[in-house]
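Asks: Below is a structure I'd like to ask you about.
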Amino acid sequence: MPKKASPTFVCPVCESAVLTEPARSAKTGGGSFEICPCCGFQHGVDDDDKGITHAQARAAWRKAGAKWTSKTQPPPKGWAKTR
Amino acid sequence: MTEELASVEGAGGAQVTSATPGHDRPRDSAKVGDVNCLRVLLTVMAIWCLGLPGVSAVEISRGPLVQPTPTNAVIQWTTDTSAGGRVYFGLSVKQMDRRANADAVGTEHSVVLTGLKPGTTYWYTVGTARLALATNSFTAPGLSEARTESPAARPVVSAPVVRPEVTKSVVPPVAKAAFDPSKLQVPPARQTWGAPRSLADHFERHGADFAARTADDYAAQAWIFLRRAKAEGLPAKRDEEGVLRVYDPKTRAFASYNRDLTTKTYFKPGRRDYFDDQPGQPVDLNKLVP
Ligand SMILES: [Zn+2]
């Protein structure tokens, strides 16, 4: 049986479709605790604990060159072309 | 998408901040559906922005949180500055054709969506009358789910609605024999960490909170923390999706675990009330953790 590609969700900070679950659960309101491999924002921690807004994080990430941040998770094919 | 949004901004002079799972699809899937989706979305945003020059930026500082019942939903969010509140919603990202407004201007926003169909998924965009701030989706519970007395499934009576109840401290600590982790056989990280590919990133960010030497050591400490929490009766809560959150007020260690008890993350929050603000109901770890 062919394997289904795992769904991806868009990171509300860097707008890359690289998250494995929604950044915030629509049901519970809780953050996913996932660290976006692209921009490095940890949903539910950088916002709920550190009080950083998505817009602030996005601006900081772009200012730093909008680079892929995860050292162990490679970017999806074609990611660089979209930047 | 970025360029098109920019043109919308230019037309209205208002800043559109997109935070959207549905709005910003991967760029390489420019299919007809996506183009239509973009058109409708841009129309909505254009309506939002037209003729409203010189708007200062408003940002979401918290939320949006959704409390759905089978036929209603309350959406709440907080903005950094005082503003009105508006929600566009509908059956898909392409079809957010209904709208609802908050009663008052302020930083705490609460909007009630009515006339929902049980068991149906809705997309919504929250914002002000001028700005779209965030888009997401939720599913109104089916009627049978609503009978199960889940607090979030209780019918919403009317606006204004208070923010969701936050469960304060939970299972009271019980005096027990000192916890001895040396007797535990810790499984390898690939079995205990929910998304093994992400472990290195979590270790890099939070490993120092626990003086962890390696990623495996960090994962092992997170696994042991849950066993210690069970033994010592530390506060724990579980949300509707089965996500578990555990906190030690003394050491300020916080961990979250998936339904299968694999670790999502482990760190020390800076805010004292971080755990209290997390969703979920108190849970007895003795009934949950083998
Ligand atoms: Zn991101």
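Asks: Kindly provide the set of residues from the stretch B:246-289 that are polar (S, T, N, Q), touching a Lys or Arg at 6+ places or on another chain (Cβ under 9 Å) and assigned to a loop (DSSP other than H, G, I, E, B), ordered by number.
Replies: Within the stretch B:246-289, B:Thr251, B:Asn258, B:Gln278 meet the criteria.
Asks: I would also like to ask the following. All but one of (1) at pLDDT 95 or above; (2) within 13 Å of the ligand (Cβ to nearest atom) hold for A:Thr8, so report the exception by its number.
Replies: All conditions pass for A:Thr8, except number (1).
Asks: Here's a follow-up. For the stretch B:201-219, name all the residues that are surrounded by fewer than 19 Cβ atoms within 10 Å (Cβ to Cβ) and within 18 Å of A:Cys36 (Cα to Cα).
Replies: Scanning the stretch B:201-219 gives B:Glu204, B:Arg205.
Asks: Right, next: Taking the conditions exactly as written (within 11 Å of chain B (Cβ to nearest Cβ), surrounded by 15 or more Cβ atoms within 10 Å (Cβ to Cβ) and either in contact (Cβ under 8 Å) with a residue 40 or more places away in the chain or not basic (Lys, Arg) (or both)), does A:Ala55 satisfy them or not?
Replies: Criteria met by A:Ala55.
Asks: Could I ask something else about it? Given the criterion under 12 Å from B:His202 (Cβ atoms) and of a type in the set (A, V, I, L, M), identify the matching residue among A:Ile52, A:Ile35.
Replies: Every option except A:Ile35 fails the conditions.
Asks: Out of B:Gly194, B:Gly280, B:Gly242, which single residue is closer than 27 Å to B:Val66 by Cα, of a type in the set (Gly, Ala, Ser) and without any contact (Cβ under 8 Å) to a residue 40 or more places away in the chain?
Replies: B:Gly242
Asks: Same structure again: Does A:Lys71 satisfy being more than 13 Å from the ligand (Cβ to nearest atom) and closer than 16 Å to B:Ser198 by Cβ?
Replies: For A:Lys71, the condition - more than 13 Å from the ligand (Cβ to nearest atom) and closer than 16 Å to B:Ser198 by Cβ - is met.
Asks: Additional query: Just one of the numbered conditions (1) of a type outside the set (Phe, Trp, Tyr); (2) more than 9 Å from chain A (Cβ to nearest Cβ); (3) under 19 Å from B:Pro290 (Cα atoms) is not true of B:Thr251; which one?
Replies: Single failed check for B:Thr251: (3).
The values are calculated or read from the model by the stated rules, or taken from the named source; none is laboratory data. Since the model is a prediction, treat every value here as computed from it, not as a measurement. Please note: Cβ atoms are built from the backbone with ideal geometry, for glycine as well, and neighbour counts cover all protein chains shown.
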